[in-house]
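All remarks here apply to the structure that follows.
The values are calculated or read from the model by the stated rules, or taken from the named source; none is laboratory data. All values derive from a computational prediction rather than experimental measurement. No Cβ is skipped: glycine too gets one built from the backbone with ideal geometry, and neighbour counts run over all protein chains shown.
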Amino acid sequence: MTFDDPTPLIGLEIHVALATDSKMFCPCETEFVREPNTQVCPVCLGLPGALPVLNRRAVELGVLCALALDAEVYPEMQFERKNYHYPDLPKGYQISQLAAPMAENGIMSFTDDDGGEKEARIRRVHLEEDAGKSIHLPGEGTLLDFNRCGVALAEVVTEPDLHSPADVRCFLEQLRELLRHTGASEVRMEEGELRCDVNVNLVHNGEGTPGRTEISEVKNLSSFRGVERALQYEVERHRQALRRGDPLTHETRHWDEEREVTFSARSKEESHDYRYFPDPDLHPVRIPRAMIDDLQERMGELPRARRRRLSREYDLSSYDADVLVGGGLADFFEEVVAEGSNAKAAANWVMGELSAHLNAEDIGIDELPVQPGQLAQLLDMVDSGEISGKIAKEVWGAVVQQGCDPRAIVEERGLSQISDDAQLESLAREVVEEHEDVVRDYRSGKEKALGFLVGQIMQKTQGKANPQMANEKLREIISREGCE
Amino acid sequence: MMTCDLSRLTLMQMRELIDAGEVSREELVRAALSAVAEGDEVLGAFLEVDEEGALAAARAADNTGGQTGGVLDGIPYAAKANICSRRMTTNCASYMLADYRSPFDAKVVASTGSAGGILLGKTNMDEFAMGSSTENSAFHKTRNPWDLDRVPGGSSGGSAASVAANYVPAALGSDTGGSIRQPASFCGVVGMKPTYGSVSRYGLIAFASSLDQIGPLTRTVHDCAAVLDALVLRDKRDSTSISHPDSGRFSESVAASGEDLRGWRVGLPREYLGDGIDPRIREVVRGAADGFTGLGAEVRECSLPHTDYALPAYYIIASAEASSNLARFDGVRYGMRTEGESVLDLYLNSRGEGFGPEVKRRVMLGTFALSAGYYDAYYLKAARTRRMIVRELEQAFSDFDLLLTPTTPMPAFGIGERVEDPLAMYMADICTIPANMAGIPAISIPGGRVDGLPVGIQLMAPRFADERLLRAAAVYERVTGDRGANPLCPGDVPTEGVCDR
C-alpha cells in the first residue's frame, strides 16, 4: 500500500422505508400517491397540540430488519428528538434514536462481482420518521409535499468495511434482496424507499508512513448506480489529491446526477448541532423477548443460508443456487423436488423453461398457473422415457396456457413415446429395407449414417418414437443382418 | 340582577337546578354571557367569547333534553387559549398564532363536550404558558378580581379570573410548574393539577411535554371533582396517557367524604416554610395545619432537603423541552409569517416578531442547555436532579398521606411589579414546581387572607392518589376553608338553594 495503491474505506448510512400500511406515529396511509399533501393529518403535519403514537408494525418490521442483519435487538429503546429547522420538517425536529437505538452490532455477508465472499459489520439499526419533500421550482420558489412525512424508516449504519464502489453496489443489491425477503421493506427504488449516505476516505502507506485522507460524505443517493458512480468519482478525487499532495477537508458533498460529479455542500450545512434529547411525548419502548423470537421464527431462512443449503443438499452449482434464490424461484424448485423429481432436472427446468415463460409474459411466479406437482409429473414422464425432452417442451407450452395436468395433455394429443419393442422392430426393418445404400455407408464405418436412419423412424412416428430405443433397434437389426 | 345571580352558582348548584328543570341551559349561558359583558372589559379574563356557539349548544341541549347523565350537562365553562378547539382561535396569547384556528378539538374539549359542557370562551394567559402573572400575554393584561391593580397570577390567569369573577363555574387551565395552582391561589379559587398522564394532552399546545398537565379551576372542591370526572380518561392519542383507577368516581367520592380527617397523616415540609416565603403566608399555612389537626389529622413537620434544587432543574428541563416544542412555529405553514431574503431570514423574522421576550428567553435558555458540550452539565444533571426529587417525595409518602405547603410564596403582586425581574417572577412557582417534576397530583384551595387578598394552601399526594387529595380538600373546605367574597362580585357563594328568581 503506497500513494499509488491506497485502499478506500467506505461506510454507509442507509435509510429504508419500512413496509407499514400507516405512518410511524399517525394513521395516515403510506401508499405512494402523486397528488401532494393528500396523506396528511395534524400529527404528521406537526400541528400545534398533536401528539405521536408509535405504530407497532414499524417496530416489528424494524426488528425484522435488525434480525436479518444479525444485529442484537435491545430489550428497550428510546426515541429522541433531532432538532433542526428545514421547511419540510414540520415539527422543527425529527423523531429518531441516538443513545438507545433499537439494535447494534450486526453483520452482513455478501458476494462480490468475482464470486468472493465478503462481510461488512453493521454498527446500528435504528428507527426514525421520514421528512417531507421539498420541490424546488427555479424562479418560482419551493413547494412542500408532506405525503412522505412521518413514514417509518429504519436507518442502517455500517462500519467502514467496504473497500470498492463495486463492492458497495453488491452489498446494497444483496441488502435489498434481504429486506424484500424478510418483508421489512419492499425497497421500491423509484419511490425513494432506499436512500444512502456514503462516507469515504483512503488509507495509504505513502513513503512508509501510514496515513489517511479526510472523510468526505456524499448525501442522499437514491440509486445503486448513483452510489457506485459517486464513489468512483470520490475515490478518484481522493487518489489524485493524495498523489498531488493537495489537502482534503472533512466535508459533506452532493452528487450531481447529470454531470456525474460530486460538489461540496456549503459548510453551514455541516455545522449542525442537533441537540438530541429523549422525546418526552414517547416513553421508552420495551421490545419483549417473545416478540423477537416470534419474528425470528417467522422470518425463516435467509437468502444466503438458503443458497448454501440448496447447493449442498441438491448438489447444485453455486451459480444455480444463486439464480434460484435470487430469482425468487427456490420455493417452487424445492416443492417440485419434494414431489419426487430429480433435483438437477427440476433446477434446469425451473431456470430454463419456467423462467423464460415468466420473462416472456412478464409475470411473477405467484401468477404462474402451474403447480409444482404438475411440473414434477412432466419431469417424471421424461425421466421414465414416456415422452422425449422435445415433446416435454411442447406439453409444457400447453400446461402454461391451459393450466391442466401434463399427463392429460400427453394422452389427449397421443404424445406418448413409442417404446413398444415389436412396433419399433418393424419400423426399423422398414427403414433398413428402404435405405440399403445408407445401411451400406454405416457398415463401411460412417457412424453418422445411423442418425439419418433414426430420423426416418422419427418421421414415420411424428417424433414419438423413443429415440434411444430406435437407435438400439437399428444397430441390432443391421448387425444381425450383417451376420446372415 | 337575576342573570348575575345565576352565574354566581357553583357547578353542582347549576347541576341540581338543570336536573330539576328549574333553569334552562340557555338561561345559564345567557347569565354567563351577561356577566362577561358587564365585567370583562375591565377584568380581561377572556381573549375570545363564542356567544353564538355557546347559545346554540345550550338551545340544542335544551331541545333534546341534554346529555343524559353528563356531569357537565348545560354547564358553561372556559378554556385556556392553549387548548385547541375548532370554534374560536387557539392563539396561546401569542402574535405567532394570533389568527390560528385549530382543525381539531383537544381531547379535553371533546370529552367535556360529550359530558354536556358548553364552551363559552378562550381565556387569557402568559404567552405559550410561560409566566406567572398573565402579563406576558401579547394581547392584553388580566386583572385580579380581588384587586384590579394586581395580577391574577399565571399562566392560567384568565381561567382563574373568569372563575373568581363568577363568569363561569369552571375553567380549564394547564399547569407546567404551577400555572393552575398559583393563579388559583392569587384569585381565591380551587385549582388542581392531576397526576401526570391522567388527563390527555392531545390538543394542548405543548410548553414542556413531560410536565404539562391540564386541570380544572373552580370555586369549590366538589366542582373540581365533577370536572375531573369528565376529564380523566385514557386517550390512545396521547402516549403518556394512563388509565386512572378512580376515573369517573371523583365527584361521588367527594360527596361521601365526611366531616373529619381522623387517621390521616399530614406532612408539613419545613423547606416550604423558609426564608423565601412571606411570613404572613407562613401564618396562613400554620393556621391550616391547625385546621387539619382540628379535623383529627395527625400533622407533623418533615424535611424534603432537595426542594431547593427543583426550581433550577425545572427551568432547565422545561426550557429545553420548550425550545424543541416551539421549533414548529417557523412561519412556513401557519401562524405569523414575515418574509425574508432566504429561508433563514423567514425563520428569524417570523420568530423574531411572533414571540415575546419571555418566550425568546426560554427558547434560548433551553437551546443552550441542550447544546453540544453543555448537555451533560445542564440537561442531564437536571434530569438526575428530577429523579432525586421524585425519590424524595416517594419516600415522604411512605410516612404521610398528604403534604401541606403554601401554594405561593406571596399573595398576588401588583401589575408591573415583577415584569422587569424574571428571577423574582420565577420564584412565584417555587412551591408548585416539585409536583410537576414528580408527576404527582396537587391542589390549591383557599387557605386564608393576607391584607384582604386570598392565599391558597397546597396539598400534594402520591401519583394516582387524586381521589384522596380531593376528599381531604373537600373536608377541609367544608369545615374550615375560606370561601367567597371578592369586591367585584360581592357576596358569599350561596351554599344552598338559589337566589331569588
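Just to be sure before I move on: is residue B:268 closer than 28 Å to residue B:396 by Cβ, among the hydrophobic types (A, V, I, L, M, F, W, C), touching a Leu at 6+ places or on another chain (Cβ under 9 Å) and surrounded by fewer than 24 Cβ atoms within 10 Å (Cβ to Cβ) in the structure I sent?
Yes, satisfied.
Specify which of the listed residues (B:129, B:106, B:138, B:61) is under 23 Å from residue B:165 (Cα atoms), touching a strand residue (DSSP E or B) at 6+ places or on another chain (Cβ under 8 Å) and among the aliphatic types (A, V, I, L, M).
B:129
Would you mind finding the one in A:78, A:97 that is modelled with pLDDT of 95 or more and either surrounded by fewer than 19 Cβ atoms within 10 Å (Cβ to Cβ) or within 14 Å of another protein chain (Cβ to nearest Cβ) (or both)?
Working: A:97 fails: either surrounded by fewer than 19 Cβ atoms within 10 Å (Cβ to Cβ) or within 14 Å of another protein chain (Cβ to nearest Cβ) (or both).
That would be A:78, the only listed residue that is modelled with pLDDT of 95 or more and either surrounded by fewer than 19 Cβ atoms within 10 Å (Cβ to Cβ) or within 14 Å of another protein chain (Cβ to nearest Cβ) (or both).
Those residues that are of a type outside the set (Lys, Arg), at pLDDT 95 or above and over 17 Å from residue B:442 (Cα atoms), I need them from segment B:257-270; list them, please.
Those that are of a type outside the set (Lys, Arg), at pLDDT 95 or above and over 17 Å from residue B:442 (Cα atoms): B:261, B:263.
Is it fair to say residue A:214 is assigned to a loop (DSSP other than H, G, I, E, B), touching a strand residue (DSSP E or B) at 6+ places or on another chain (Cβ under 7 Å) and modelled with pLDDT of 90 or more? Don't jump to the end; show me each part of the working.
Working: assigned to a loop (DSSP other than H, G, I, E, B): yes; touching a strand residue (DSSP E or B) at 6+ places or on another chain (Cβ under 7 Å): yes; modelled with pLDDT of 90 or more: yes.
Yes: the conditions hold for residue A:214.
Collect the residues in segment B:292-303 that are more than 25 Å from the chain's Cα centre (by Cα) and part of a helix (DSSP H, G or I), keeping them in residue-number order. Please lay out each step first, then the result.
First pass over segment B:292-303, keeping only residues more than 25 Å from the chain's Cα centre (by Cα): B:293-303.
Of everything in segment B:292-303, those that are more than 25 Å from the chain's Cα centre (by Cα) and part of a helix (DSSP H, G or I) turn out to be B:293, B:294.
Of everything in segment A:276-301 that's surrounded by fewer than 18 Cβ atoms within 10 Å (Cβ to Cβ) and part of a loop (DSSP other than H, G, I, E, B), which residue is farthest from the other protein chains (Cβ to nearest Cβ)?
My answer is A:301.
Search segment B:449-466 for residues being surrounded by 23 or more Cβ atoms within 10 Å (Cβ to Cβ) and not β-branched (Val, Ile, Thr), and hand back the single one that is farthest from residue B:401 (Cα to Cα).
Of everything passing the filter in segment B:449-466, B:454 is farthest from residue B:401 (Cα to Cα).
Out of B:235, B:275, B:246, I need the residue that is part of a loop (DSSP other than H, G, I, E, B) and at pLDDT below 95. Which one?
B:275
Could you check how many residues of segment B:417-462 are on the phi > 0 side of the Ramachandran plot and at pLDDT below 95? Lay out the reasoning, then the answer.
Step one: of segment B:417-462, the residues on the phi > 0 side of the Ramachandran plot are B:439, B:448, B:451-452.
With the extra rule that they be at pLDDT below 95, the set shrinks to B:448, B:451-452.
The qualifying residues number 3.
Name the single residue, out of those in segment B:319-358 being part of a loop (DSSP other than H, G, I, E, B) and of a type in the set (A, V, I, L, M, F, W, C), that is nearest to the other protein chains (Cβ to nearest Cβ).
Ranking the qualifying residues of segment B:319-358, first place goes to B:332.
For the list (1) within 22 Å of the chain's Cα centre (by Cα); (2) surrounded by fewer than 24 Cβ atoms within 10 Å (Cβ to Cβ); (3) part of a helix (DSSP H, G or I), I need the number of the one condition that residue B:397 fails.
So residue B:397 meets the others, but not (1).
Among the numbered conditions (1) in contact with a strand residue (DSSP E or B) (Cβ under 9 Å, 6 or more places away or on another chain); (2) crowded, with 19+ Cβ neighbours inside 10 Å; (3) away from chain B (no Cβ under 14 Å); (4) among the basic types (Lys, Arg), tell me where residue A:169 comes up short.
(1)
Criterion first (closer than 25 Å to residue B:307 by Cβ and either buried (at least 24 other Cβ atoms within 10 Å of the Cβ) or within 14 Å of chain A (Cβ to nearest Cβ) (or both)) does residue B:184 satisfy it?
Spelling it out, residue B:184 is indeed closer than 25 Å to residue B:307 by Cβ and either buried (at least 24 other Cβ atoms within 10 Å of the Cβ) or within 14 Å of chain A (Cβ to nearest Cβ) (or both).
Given the structure, is residue A:317 free of Cβ contacts under 8 Å to residues at least 60 places away in the same chain and closer than 29 Å to residue A:466 by Cα? Give the steps one after another, and end with the answer.
On the way: free of Cβ contacts under 8 Å to residues at least 60 places away in the same chain: yes; closer than 29 Å to residue A:466 by Cα: no.
No, not satisfied.
With the requirement that a residue be free of Cβ contacts under 8 Å to residues at least 24 places away in the same chain and either hydroxyl-bearing (Ser, Thr, Tyr) or within 29 Å of residue B:126 (Cα to Cα) (or both), what does segment B:58-79 give you? Don't jump to the end; show me each part of the working.
Step one: filter segment B:58-79 for residues free of Cβ contacts under 8 Å to residues at least 24 places away in the same chain, giving B:60, B:63-65, B:68-69.
Those that are free of Cβ contacts under 8 Å to residues at least 24 places away in the same chain and either hydroxyl-bearing (Ser, Thr, Tyr) or within 29 Å of residue B:126 (Cα to Cα) (or both): B:64, B:68.
Could you list all residues from segment B:187-213 that are within 14 Å of chain A (Cβ to nearest Cβ) and either within 23 Å of residue B:313 (Cβ to Cβ) or among the acidic types (Asp, Glu) (or both)?
Correct list: B:196, B:197, B:201, B:204, B:206, B:207, B:208, B:209, B:210, B:211, B:212, B:213.
What residue, among those in segment B:361-374 that are away from every other protein chain (no Cβ under 11 Å) and surrounded by fewer than 15 Cβ atoms within 10 Å (Cβ to Cβ), is nearest to residue B:91 (Cα to Cα)?
That would be B:361.
Across segment A:144-166, what is the total count of residues that are within 22 Å of residue A:8 (Cβ to Cβ) and buried (at least 21 other Cβ atoms within 10 Å of the Cβ)? Show your work before the answer.
Step one: list which residues in segment A:144-166 are within 22 Å of residue A:8 (Cβ to Cβ), which gives A:156-166.
From the residues that got through so far, the ones that are buried (at least 21 other Cβ atoms within 10 Å of the Cβ) too are A:156, A:158, A:162, A:165.
The total comes to 4.
Taking the criterion of being modelled with pLDDT of 95 or more and out of contact with any Leu (no Cβ under 9 Å at 6 or more places or on another chain), would at least one residue in segment A:123-135 satisfy it?
Yes, segment A:123-135 contains at least one residue that is modelled with pLDDT of 95 or more and out of contact with any Leu (no Cβ under 9 Å at 6 or more places or on another chain).
Tell me which residues, restricted to segment A:158-191, are of a type in the set (Val, Ile, Thr) and either closer than 11 Å to residue A:112 by Cβ or in a helix (DSSP H, G or I) (or both).
A:168, A:182 - these are the residues of segment A:158-191 that are of a type in the set (Val, Ile, Thr) and either closer than 11 Å to residue A:112 by Cβ or in a helix (DSSP H, G or I) (or both).
If I ask for residues that are more than 20 Å from residue B:427 (Cα to Cα) and assigned to a loop (DSSP other than H, G, I, E, B), which ones from segment B:144-160 would you list?
The answer is B:145, B:146, B:148, B:149.
Restricting attention to segment A:56-75, and to residues there that are surrounded by 23 or more Cβ atoms within 10 Å (Cβ to Cβ) and not aliphatic (A, V, I, L, M), which single residue is nearest to the other protein chains (Cβ to nearest Cβ)?
For segment A:56-75, the residue satisfying everything is A:62.
Which of (1) touching a residue at least 12 places away in the same chain (Cβ under 8 Å); (2) more than 21 Å from the chain's Cα centre (by Cα); (3) away from every other protein chain (no Cβ under 14 Å); (4) more than 23 Å from residue A:108 (Cα to Cα) does residue A:240 not meet, given it meets every other one?
Looking at each condition in turn, residue A:240 falls short on (1).
List the residue pairs whose Cβ atoms are under 7 Å apart, where the first residue sits in segment B:80-96 and is more than 12 Å from chain A (Cβ to nearest Cβ), the second is assigned to a loop (DSSP other than H, G, I, E, B) and among the aromatic types (Phe, Trp, Tyr), and the two are 6 or more positions apart or on different chains.
As it stands, the answer is B:93/B:139, since those pairs meet every condition given.
If we keep just the residues of segment A:132-157 that are outside any strand (DSSP E or B), away from chain B (no Cβ under 14 Å) and touching a residue at least 60 places away in the same chain (Cβ under 8 Å), which is farthest from residue A:37 (Cα to Cα)?
It comes out as A:151.
Residues that are among the hydrophobic types (A, V, I, L, M, F, W, C), closer than 20 Å to residue B:424 by Cβ and outside any loop (DSSP other than H, G, I, E, B): does segment B:161-182 have at least one?
Pass one, segment B:161-182, residues among the hydrophobic types (A, V, I, L, M, F, W, C): B:161, B:163-165, B:168, B:170-172, B:180.
Applying the additional criterion that residues be closer than 20 Å to residue B:424 by Cβ yields none.
No; the residues of segment B:161-182 include none that is among the hydrophobic types (A, V, I, L, M, F, W, C), closer than 20 Å to residue B:424 by Cβ and outside any loop (DSSP other than H, G, I, E, B).
Select from segment A:82-92 the residues that are over 34 Å from the mean Cα position of the chain (by Cα) and either closer than 15 Å to residue A:277 by Cβ or more than 9 Å from every other protein chain (Cβ to nearest Cβ) (or both) and list them in ascending order. Write out each step before concluding.
If we filter segment A:82-92 for residues that are over 34 Å from the mean Cα position of the chain (by Cα), which is where we start, we get A:83-87, A:90-92.
Across segment A:82-92, the qualifying residues are A:83, A:84, A:91, A:92.
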